[in-house]
Structure formats: structure tokens, C-alpha cells
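A.B. asks: Below are the C-alpha cells for one structure; questions will follow.
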Amino acid sequence: MSELNDPRVLFAAERTLLAWSRTSAGLMAFGFLVDRTGLVINGPAAARDFGFWIGLAFILVGVLVCPLSVVQYHRSVAQLRPVQIPPGYWVNLSTFMSVAIGLLGLALAIYLVVA
């Protein structure tokens, strides 16, 4: 249990979650870039070459980071006392955004595998 009576502790945890969300989105974008660069260099005949698998791996790591960061965030928020959470503050908004980013990344991975 935290002994600080300051809502900045909650905001710091939320900033950390959002930083992990940006990292996750960056990994997914980089994976997509690696895959598409392989297509540009090698042409459509090399759709399942090494670049595809490396790009897909980056996307899946980005997808994996999302739920892990949400779990870590909720563990941090569970340690806070009610005085540390401002009245009416929606603690789960950043959680929903992280889950949305993860689901979009999963959709991207499925698209690359199916296409």
C-alpha cells in the first residue's frame, strides 16, 4: 500500500502505461515496415521470405506488450488508496486504449498472414 496521498502517483502509473502503448504501436509499425520493405525489394513473389517472419514477429511482440502493460498498470492502481484517485476520474480509459491498440495489432498480424 502506498503511503503517498498524491494523485500524481496514479498519473505516473498511467503515463507509464501509455509509454508502453506507444512502444507497442512502434513495434507493430516497425514490423509492418520490415514486411513491406521486403515486398518492395524482393517483389510479390517473396511474400513469405525472412523479412515477412521478422516483421510478423515484431508485430506479435507489440501485441504481447499491450496486455502485459495493462496487467502491470492494474497492479499499480490496486496499490493506491482512494485519496490518491481524483473523484470521478476514469481510471480505465488508458486501459481501453491499450487493449484497442493490441486488438488492432492482432488484426494487422492476421491480415499479413492471410493476405
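The values are calculated or read from the model by the stated rules, or taken from the named source; none is laboratory data. Not measured: the values here are computed from a predicted model. Note: ideal-geometry Cβ built from the backbone for every residue, glycine included; neighbour counts use all protein chains shown. Heads up: the accessible areas ignore ligands, DNA and RNA and are worked out on the full protein's heavy atoms, side chains in. Shrake-Rupley method; radii C 1.70, N 1.55, O 1.52, S 1.80 Å.
A.B. asks: Give me the pairs: first residue in segment 75-89 and touching a residue at least 12 places away in the same chain (Cβ under 8 Å), second residue open to solvent by 70 Å² or more (accessible area, probe 1.4 Å), beta-carbon distance under 7 Å, and six or more apart or on different chains, which are they?
C.D. replies: Within 7 Å, the pairs are Gln79/Met1; Arg81/Met1; Val83/Asn5; Gln84/Leu4; Gln84/Asn5.
Yes/no matrix, rows are residues, columns are (1) buried (at least 18 other Cβ atoms within 10 Å of the Cβ); (2) over 18 Å from the mean Cα position of the chain (by Cα); (3) more than 24 Å from Asp6 (Cβ to Cβ):
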{"site": "Gly55", "(1), (2), (3)": "yes, no, yes"}
{"site": "Gly62", "(1), (2), (3)": "yes, no, yes"}
{"site": "Gln72", "(1), (2), (3)": "no, no, no"}
{"site": "Arg75", "(1), (2), (3)": "no, no, no"}
{"site": "Tyr89", "(1), (2), (3)": "no, yes, no"}
{"site": "Asn92", "(1), (2), (3)": "no, no, no"}
{"site": "Thr95", "(1), (2), (3)": "yes, no, no"}
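A.B. asks: Would you pick out the residues in segment 77-87 that are among the β-branched types (Val, Ile, Thr) and either open to solvent by 70 Å² or more (accessible area, probe 1.4 Å) or in contact with a Leu (Cβ under 6 Å, 6 or more places away or on another chain) (or both)?
C.D. replies: So in segment 77-87, the residues among the β-branched types (Val, Ile, Thr) come out as 77, 83, 85.
Hits for segment 77-87 are Val83, Ile85.
A.B. asks: Tell me, which residue of segment 38-53 that is open to solvent by less than 60 Å² (accessible area, probe 1.4 Å) and part of a helix (DSSP H, G or I) is modelled with the lowest pLDDT?
C.D. replies: Of everything passing the filter in segment 38-53, Ala46 is modelled with the lowest pLDDT.
A.B. asks: Please go through segment 47-76 and pick out each residue that is more than 17 Å from Ser94 (Cα to Cα), in contact with a helix residue (DSSP H, G or I) (Cβ under 8 Å, 6 or more places away or on another chain) and hydrophobic (A, V, I, L, M, F, W, C). Full working, then the answer.
C.D. replies: Our first condition is that a residue be more than 17 Å from Ser94 (Cα to Cα); within segment 47-76, this holds for 47-61.
Imposing the further condition that a residue be in contact with a helix residue (DSSP H, G or I) (Cβ under 8 Å, 6 or more places away or on another chain) reduces the set to 47, 49-52, 54-61.
Selection gives Ala47, Phe50, Phe52, Ile54, Leu56, Ala57, Phe58, Ile59, Leu60, Val61.
A.B. asks: Does Ile101 satisfy the condition of being at pLDDT 90 or above, out of contact with any strand residue (DSSP E or B) (no Cβ under 7 Å at 6 or more places or on another chain) and surrounded by fewer than 13 Cβ atoms within 10 Å (Cβ to Cβ)?
C.D. replies: Details: at pLDDT 90 or above: yes; out of contact with any strand residue (DSSP E or B) (no Cβ under 7 Å at 6 or more places or on another chain): yes; surrounded by fewer than 13 Cβ atoms within 10 Å (Cβ to Cβ): no.
Taking the combined requirement at face value, the residue does not satisfy it.
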